[in-house]
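Here is the structure we will look at.
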Amino acid sequence: MLHSKALSAETWLDRLDRSSYALPLLFMLSMAETLIIPIPIETILIPWMLSHPDRRWTIATVALAGNLTAAAGGYWLGVLAMEQWGDTLVGLFGGAEAFDSFSSEIENNGFSAILAVGISPTPLQIAMLAAGATGYSFLLFLLAVGISRSTRYYGLALLVHFAGDKAMKLWQRYSKQIGAMLFVLAIGWLWFQFR
């Protein structure tokens, strides 16, 4: 009979934090969250920052770097591939209605529209494609994404700084329920996208 001991979230994060692959993995996960996965990276950042508050600024910086790298790639995908694969890309990332709506929003309120999407937990995929496809300034796009995502990630680090112990207790109490809910959401999203 196999007996496996379940790892607590804190034990798992300690192992992750000691790994030489931790920050490259975070970079890749941040890129994946920006390009593909609709689950906010905060679900990883919050417990990691709470378990290792001494590294919260590094964690926020690596997540931001991954996000900006993926946002740049998504922008250029919008520039180069929308003509040939536009319907497929738009369908994968939210649908033609969302794309058309955000394209109009970029034409009317470019910087503030991108800034708003970057701060909210709304997936950035449609904004990247629309910005690239409409020819919105690449530098202004990156600046808006950089400001908005810096606000999210460094704001989270500040939250951990000021509410650390209380937030950690809440996380420990509800981490299994949150993890199960996120898993179900991810499976549902995958089923909906690829059915």
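Computed quantities for the displayed model
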{"read-out": "Accessible surface ranking that places the most exposed of VAL79, VAL145, VAL62 first, with a 1.4 angstrom probe", "value": "VAL79, VAL62, VAL145"}
{"read-out": "Amide H contacts of TYR136 (H built 1.01 Å from N, under 5 Å, at least 5 apart or other chain)", "value": "none"}
{"read-out": "3J(HN,Hα) from dihedral phi, region 60-74, Karplus parametrisation 6.51/-1.76/1.60, rounded to Hz, x for glycine, proline", "value": "4, 5, 5, 4, 5, 4, x, 5, 5, 4, 5, 4, 5, x, x"}
{"read-out": "For region 147-153, 3J(HN,Hα) per residue [Karplus equation, 6.51 cos²θ - 1.76 cosθ + 1.60, θ = phi - 60°, Hz, x = Gly/Pro]", "value": "5, 5, 6, 4, 4, 5, 6"}
{"read-out": "With DNA, RNA and ligands ignored, accessible area of MET128 (1.4 Å probe; Å², nearest 10)", "value": "0 Å²"}
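The values are calculated or read from the model by the stated rules, or taken from the named source; none is laboratory data. From a predicted model like this one, the values you see are computed outputs, not experimental measurements. Accessible surface is based on the protein model in full, side chains and every heavy atom, while ligands, DNA and RNA are left aside. Shrake-Rupley method; radii C 1.70, N 1.55, O 1.52, S 1.80 Å.
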